[in-house]
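Since every read-out is calculated from the coordinates, none of them should be taken as a lab result. The model shown is predicted, which means the values in this text are computed figures rather than measured ones. Backbone-built Cβ (ideal geometry, glycine too); neighbour counts: all protein chains shown.
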Amino acid sequence: MHRCFLVAAVLATVSWLVAGETNFATYKLSLRWPPAHCDAPSFECKPNVLNTFTIHGLWPQFADGKVVPPYDPETNRCTDDPVTDLDQFLRLMTPLIESLRKYWPNYGDYQNETMNENFWKHAWKLHGMCSDYSDNPASYFKTAVSLGIKYIDPFKGTRITPRLVPYMAKDISDAIKEKLGVYPQIACNEVGGTVQLTEVRFCFKRGKENSPSILQDCPIRYAYKCSDDRDEIMFVPHLIG
Ligand SMILES: *[C@@H]1O[C@H](CO)[C@@H](O)[C@H](O)[C@H]1NC(C)=O
């Protein structure tokens, strides 16, 4: 009896490994603040910079907060038969195109369809192919967009608004915690010595149906140029063009 159970357990493990799924635990939804990206010298944005958060991506990540690496057919078959044909991928996106343009544009030049398509392809190659939706890009993007719409204005109803006086990182983080009950990950860049908020990211438990489900604290609270509750962070207003 005991032995049977062990054999069954081993078989289950083996078939799970053969299926090649990555043992990731959470999804991270990343939302960008274009004004802070666009005032960095390394980025070239077309005039009329967007004045709303936009989706950067939905990333499978491990429990420790590390992002699942991209699909690699040779070494890392994180998933079975993902859609790897990028033209086929774009055709499958057709029904979603309007919401993608609106919520998931390439903020550098959001009116340029080639730029947008390249950005979505990039998101698919880097993160979608290793998600639970690897055979179904439309579901992957639809899921991401519906989460995006829900959280697209992350500071709505809080006291955090864009301004020319920096915030303590903790105040930004706490505002989200008070509003939603979870800590986000805050990502920053640095422009001319000023640390600026570039992204707000939300972490979701990977649900029973293998979908992003319940919000949870992000295991790593800060990224790139911010790293500590006491950092001073500018949430830059939309000033340029
Ligand atoms: C749109 O972007 C593509 C790729 O970056 C570029 O080659 C093309 O010139 C752009 N079109 C316009 C109208 O700016």
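Values as computed for the structure displayed
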quantity: Nitroxide proxy distance, nm - points 7 Å out along Cα→Cβ at His238 and Glu44; calculated: 2.4 nm
quantity: Qualifying aspartates and glutamates (Cα of each under 20 Å from Cα of Lys125; at least 8 residues distant if same chain); calculated: Glu21, Asp72, Glu74, Asp80, Asp81, Asp85, Asp87, Glu113, Glu117, Asp135
quantity: Reachable lysines from Lys150, criterion Cα separation under 22 angstrom, eight or more residues apart if same chain; calculated: Lys28, Lys102, Lys142, Lys177, Lys179, Lys205, Lys208
quantity: ³J(HN,Hα), Karplus 6.51/-1.76/1.60, whole Hz, each residue of region 53-62, x for Gly, Pro; calculated: 5, 10, 6, 9, x, 10, 10, x, 9, 6
quantity: Taking region 2-233 and dividing mean pair separation by its residue count, relative contact order in percent (alpha carbons under 8 Å, at least six apart); calculated: 23 percent
quantity: Cubic angstrom per residue, convex hull over Cα atoms of region 94-176; calculated: 137 Å³
quantity: Cβ-based net charge around Asp85, under 15 Å, with every Lys or Arg adding one and every Asp or Glu removing one; calculated: -1
quantity: Local electrostatic count, Leu96, Cβ distance below 13 Å [Lys/Arg +1, Asp/Glu -1]; calculated: +2
quantity: Region 10-162 - Debye-derived log10 I(q)/I(0), Cα point model, q = 0.10 Å⁻¹; calculated: -0.40
quantity: Residue with peak Gaussian network fluctuation, the chain [Cα springs, cutoff 10 Å], from Gly148, Gly65, Gly57; calculated: Gly65
quantity: Longest exposed-site-free window of the chain, the sites being trypsin sites (Lys or Arg not before Pro) in a DSSP loop that have at most 12 other C-beta atoms within 10 Å; calculated: 67-155
quantity: Long-range HN-HN contacts of Gly57 with modeled amide H, under 5 Å; calculated: Ser30
quantity: Calculated FRET value between Ile97 and Arg230, using beta carbons and R₀ = 51 Å, to 0.05; calculated: 0.75
quantity: Pairwise Cα inverse-distance average, inverted: Kirkwood Rh of region 85-241 (Å); calculated: 17.2 Å
quantity: Calculated [θ] (222 nm, deg cm²/dmol) that DSSP helices of n ≥ 4 give over the chain, each run adding -39,500 (n - 2.57); calculated: -10000 deg cm²/dmol
